[in-house]
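Notes to accompany the following structure.
The values are calculated or read from the model by the stated rules, or taken from the named source; none is laboratory data. Just so we're clear, the structure is a prediction, and the values are computed from it rather than from any experiment. Cβ atoms come from the backbone with ideal geometry, glycine included; neighbour counts cover every protein chain shown. Only protein heavy atoms, including side chains, enter the accessible area calculation; ligands, DNA and RNA are left aside. Shrake-Rupley method; radii C 1.70, N 1.55, O 1.52, S 1.80 Å.
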Amino acid sequence: HTHTSRTTRIYTKFCSHYLRNRKSLYTMKLLSFFLLLSLQRPSYSFVASLTTKLATNTVTTSSKKHTNNLIRRFVSNTDDDNTMTTTTDTLIIGGGVAGTASAFALCQKGKDVILCEQSSTLAPATASSNGDSRMYRKMYSNEFFSRMQAKALDRWADVERSSGESLLQQNGLLFYGEDTGETVEGSVLGAKQVMENLNLPHKFYATGDDIAAAYPALSEGCKGKPYSGVYEETAGHIRASKACHAMIKAAKDNDSNSNCEVRLNTKIVSLDTTTSSSEVVAITESGEKIVA
């Protein structure tokens, strides 16, 4: 009786979760098969093994990874207190540029990832990663950031190649104004020095009059002012929202044996990083436990 009750709890939770997220009828059929088997045989490892064989003989490579992960999660990780517990290598909270980039990089390294986003879409309208333009440049006052940007552009090329999407648009960037020393955005003269030190292509405008002559639209605001400016032709903008979706697509389609699961409408309400086993334990608003 205990075994049957536990099986029913697993199956019921699975049905509820996947119907809510509109998953495939195939997955429902697979778990129906699991339910029938487990009622006859008390060995969960036997059930998991047999169900895996069924899946691997009938579905694509991508679906095999997904199905095997589902079996591991729902067979092994339903607690006796009726709490659903999911295990993964890495839990990522937030589906913006940082979160989706982390998922892409980790899946390339063969790590399983669960990404939780509390909104109904990646990069939602209220998030800082939403929109069609986020600036990229090598024009910094700190050489570290300039060097890091060069590496980042190589990685963006990886994302575009893996996802088949065009995400970066080169349009050039002018950094100008009165130089009052270093700010959160750096400084004009500091950026000029770094560009020179790293031998990066740029153009320097020494006065406001020089800027006004080069950019007539800025004439009224720059002419006669104690301004200077640096122009970087290779700078541009990233299609931020599109990039988030592209990185998840690339994470799911990678050639490693990793699994990338995105959970939308999933809010994390508790996060414990002090467990004795060095695991991170998160609790969702619906009461599910995720251990990473």
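Each 5 Å bin, from zero up to the one with the longest distance, holds this percent of the alpha carbon pairs of region 143-292: 2, 8, 11, 12, 12, 11, 11, 9, 8, 7, 5, 3, 1, 0. Between D132 and Y215, the contour length at 0.36 nm per residue exceeds the Cα-Cα span by 27.4 nm.
The Cα-based radius of gyration of region 207-292, divided by its Kirkwood radius, gives an Rg/Rh of 1.35.
Accessible area ranking (1.4 Å probe, heavy atoms, ligands and nucleic acids excluded), largest first, for D255, D179, D89: D255, D89, D179.
Residues whose amide H lies under 5 Å from that of I92, counting only those 5 or more places away or on a different chain, are I114, L115, C116; hydrogens are built 1.01 Å from N in the peptide plane.
A103 sits among other residues whose Cβ lies under 13 Å from its own Cβ, and their net charge, with Lys and Arg +1 and Asp and Glu -1, is 0.
Taken per residue, the accessible surface of region 155-224 reaches 60 Å², heavy atoms only and a 1.4 Å probe. Only protein heavy atoms count here; on that basis, with a 1.4 Å probe, F145 has an accessible area of about 90 Å². For region 120-136, backbone phi angles converted through the Karplus equation (6.51, -1.76, 1.60; θ = phi - 60°) give residue-by-residue couplings of 8, 8, 5, 6, x, 4, 8, 9, 6, 8, 7, x, 9, 8, 10, 5, 10 Hz, Gly and Pro being listed as x.
Taking 0.36 nm per residue of separation and subtracting the current Cα-Cα distance, fully stretching the chain between Q108 and K267 would add 54.7 nm. Placing pseudo-labels 7 Å out from each Cα toward the beta carbon at D154 and K242 gives an inter-label distance of 2.5 nm. Can you list the residues, at least 5 places off or on another chain, whose amide H is less than 5 Å from the amide H of N259, using H built in the peptide plane? Those qualifying (amide H under 5 Å, at least 5 residues apart or on another chain) are D112, V113. Working from label points 7 Å from Cα in the Cα-to-Cβ sense, the T274 to N197 distance is 4.2 nm. When the solvent-accessible area of region 223-264 is split by element, carbon and sulfur atoms take up 48 percent of it, the probe being 1.4 Å.
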